[in-house]
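The block underneath contains the structure these notes are about, expressed in structure tokens.
What follows is calculated from the coordinates using simple rules that are stated; it is not laboratory data. Computed from a prediction, not measured in an experiment: that's the story for all the values here. Reconstructed Cβ throughout: ideal geometry from the backbone, glycine too, with neighbour counts over all protein chains shown.
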Amino acid sequence: GKIVDWAKNEAKDIMQTTVVTVGDDDPLSAVHRLFIDEEISGAPVVADHGEVVGVITIRDLLRDNCEERSVERSDLEYFRDYVQLEVDDLRAHGETYVTRLAERVASDVMTSLVITVDPEATIQEVVRIVLENKVHRVLVAEQGENGSSLAGIISLFDLVALLGD
């Protein structure tokens, strides 16, 4: 196997540049549909000028409907393994779930605390951030005049891929 030179690689060298995002004023019904279509459980939320303003997950959609907003540590685990939603669960929420999804927008329920790294961050820094925050993905964002703009995303898989050929 090859020896990984952690010092030479930077975040921008291993990040995926195609990232599914959600607009901050997208209705939750559209977000829900996007999650199902793309088979994802969460996405970064971006404002008009491309600034990353939050993260939204399937858990946020359900929690909002259940009226129990809690800002516990688990909110940060936005990219943990995809949660399979049982059809019965959604049926149990019934009409209210569908109605609320149409009435509210991404910024109403998103988590504003976003874990990002700079494109020039070393792989070691990325690994440290993943471990410290116990997340499976980190957003790569460039700091600009309007806050941070999304450049890409790094998953645990991208880091592990460095170890193999």
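Once phi is turned into ³J(HN,Hα) by the Karplus curve 6.51 cos²θ - 1.76 cosθ + 1.60 with θ = phi - 60°, what whole-Hz value does each residue of segment 140-153 show in order, with x for glycine and proline?
So the J values, rounded to whole Hz, are 9, 9, 9, 7, x, 5, 9, x, 9, 9, 5, 10, x, 9.
Please sort 158-164, 53-59 by packing, taking for each peptide the average over its residues of neighbouring beta carbons within 10 angstrom, highest first. Before the final figure, lay out the partial values.
Details: 158-164: 12.4, 53-59: 21.7.
Most protected by this proxy first, the peptides run 53-59, 158-164.
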